[in-house]
Amino acid sequence: MLTSFDSLRALDTLTLNFSEGGLAVMNIAIAVIMFGVALEIKFSNFTDLLQKPKPVVVGVLSQFVLLPALTGLLTLVFWKTITPGIAMGMILVAACPGGNVSNFLSNFMGGNSALSVTLSAISTIAAVVMTPLNFLLWGKIYVLFGPFGNTELLQDIYIDPMQMFRVVAMLLGIREGVVQLITDDGRFTENNHTY
């Protein structure tokens, strides 16, 4: 009979492979979905964030300091119930930037969509440096203080800055630019009604 730990060990052998074409289609689909979010954001929402940057600073610090630290500590606390591969996966996910789904959910739940989009843009650009740095830091802490001491789990991470720029431009820049061009002050208008 398999224990939950044995089931998690089976996950350690899985490999996910994405083709360039598959990633492009996925990014285009996300951009189309997020276009609806952009229709509801006014340009003035972004200028408000520049004037009052505290939520942006708190969000970025939470994304790149608090979340990886808490996740790194959780991997040490629960080392008996998770495999090293799962622990490294948790650390890697915590070190990655927030995604566009958060923008959709923020909008859907009536949150501050402009803040969510701003945090996604900043965290995606900062991820070129912060994701490998956080993975290295918390991965080394796990290897040094964790139960297994298996350094083969730590692999180099390289994020192509130009690829990251293209993704940000496609998912955020083009979308926001088109919305601003087809709307009045960033709001969709039709038959003299503003939505």
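The values are calculated or read from the model by the stated rules, or taken from the named source; none is laboratory data. Predicted model, so just to flag it, every value in this text is computed and none were measured. Positions of Cβ are backbone-derived with ideal geometry, glycine not excepted, and every protein chain shown enters the neighbour counts.
Hey, does the range 154-162 have a residue that's modelled with pLDDT of 75 or more, in a helix (DSSP H, G or I) and touching a Pro at 6+ places or on another chain (Cβ under 9 Å)? No, that holds for no residue.
Across the range 56-106, the qualifying residues are those that are among the hydroxyl-bearing types (Ser, Thr, Tyr) and closer than 21 Å to residue 146 by Cβ, and the one among them that is surrounded by the most Cβ atoms within 10 Å (Cβ to Cβ) is 75. All told, residue 64 meets the bar of being modelled with pLDDT of 90 or more, aromatic (Phe, Trp, Tyr) and in contact with a helix residue (DSSP H, G or I) (Cβ under 8 Å, 6 or more places away or on another chain).
Could you list, in sequence order, the residues of the range 112-130 that are closer than 21 Å to residue 162 by Cβ and surrounded by fewer than 23 Cβ atoms within 10 Å (Cβ to Cβ)?
Restricting attention to the range 112-130, the residues satisfying the condition of being closer than 21 Å to residue 162 by Cβ are 120-130.
Correct list: 121, 122, 123, 124, 125, 126, 127, 128, 129, 130.
Residues that are touching a residue at least 12 places away in the same chain (Cβ under 8 Å) and under 30 Å from residue 140 (Cβ atoms) are absent from the range 13-33 altogether.
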